[in-house]
Amino acid sequence: MGKLFGKINRGIIVTVVVLVIVISYLVIHSAIQKSELPDIKEACVTYVQADAEWHVLPENLRNGQTNPADSEIQKYADSLEPEVIAYYADNATVRENAMASVLMNLQVPLLQGRINTSFENGNVKFGTITFRDNTVTVDFTTQAATEYIDTASGSTTPARVSGIMNNQIILQKEGGEWKIIYASLSMSDTGGY
C-alpha cells in the first residue's frame, strides 16, 4: 500500500510541475503580447495616416477637367516608393503588392470619373488583435472622407463622400519594429456629409 501511495504522489508531483511550467509560460507569453499592443496600434495608426496621403494626386496632376496620363500616375506612384516601403517588411513580394495597391488607389477614382482632391482617414477604433506565431492580425475600423471633382459629369464643384472603412493589417516584428506584411483598407459604408 505504501508503494502505491508513493507512486501516486510522484505522478501528482510531476503533473503539478508540468502544469506550473505551462501556466507560467502562458502568463509570460500573454504579458509579452500585451506589452507589444501600444507599438502595434501605433504602427497601424501611422500607416493609416500615411496611406490617406497616397490616395490624392499632387496638384500639378489634377486640373479638374481631364485625367492625367497613365505614365504620369505611374511616375508619381514610383516617387512614393521609399515612403511606402518604409512601413512594410523586407520582402520583395510584399513590397511589390504594396506599390501595386498605391497605384490602384490612384487609378481607380480616375476610372470612376473622379479626381480626388483630398482624402482623410482617421478615428481608428480597434477590434480584434490576434497573435499567431511571429505575426499579429489587427482588425479595426476608421472613418474616411473623400473630396473629389466629378470629371465624368463635367462638374468642377467638389463633392464629398464619407464612410466607415473595415481594415485589416497583418504585421510581423522585424528588427525590433512591427512591419506590415499585408494591409487591406476598404470602404464598406458610404454616406455624404
Local electrostatic count, Thr157, Cβ distance below 13 Å [Lys/Arg +1, Asp/Glu -1]: 0
query: Rounded to the nearest 20 Debye, what is the dipole magnitude of the chain about its Cα centre when Lys and Arg each give +1 and Asp and Glu each give -1 at the C-beta?
result: 1340 debye
task: Could you work out how far helix 70-79 tilts from the main Cα principal axis of the chain, as a 0 to 90 degree angle to the nearest 10?
output: 40 degrees
message: Tell me the angle of helix 2-53 to the major Cα principal axis of the chain, expressed in degrees between 0 and 90 and rounded to the nearest ten.
response: 10 degrees
- prompt: Taking K and R as +1 and D and E as -1, what net charge do the other residues with C-beta under 14 Å from the C-beta of Leu57 add up to?
  reply: -3
- prompt: Per-residue ellipticity at 222 nm for the chain, helices alone: DSSP H runs ≥ 4 residues times -39500 (n - 2.57), over residue total, nearest 500 deg cm²/dmol?
  reply: -15500 deg cm²/dmol
statement: Note on the chain: the mean projected area of its alpha-carbon convex hull, in nm², is 15.1 nm²
- line: For segment 1-110, the Kirkwood Rh over every pair of distinct alpha carbons, in Å, works out to 18.8 Å
query: Residue-wise, which Karplus ³J(HN,Hα) couplings in Hz belong to segment 147-154, taking 6.51 cos²θ - 1.76 cosθ + 1.60, θ = phi - 60°, and x for glycine or proline?
result: 10, 8, 10, 8, 5, 5, 8, x
- request: Answer with one residue from Asn63, Val108, Tyr76: the one whose Cα lies farthest towards the positive end of the charge dipole of segment 39-191, charges on Cβ with Lys, Arg +1 and Asp, Glu -1.
  value: Val108
task: Return one number: the angle in degrees, 0 to 90 and rounded to the nearest 10, between the long axis of the Cα atoms of helix 92-111 and the longest principal axis of the Cα atoms of the chain.
output: 40 degrees
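Read-outs throughout are calculated quantities, based only on the coordinates presented, and are distinct from any laboratory measurement. No experiment lies behind these values; they were computed from the predicted model shown. Positions of Cβ are generated from backbone atoms using ideal geometry, with glycine treated the same way; all protein chains shown enter the neighbour counts.
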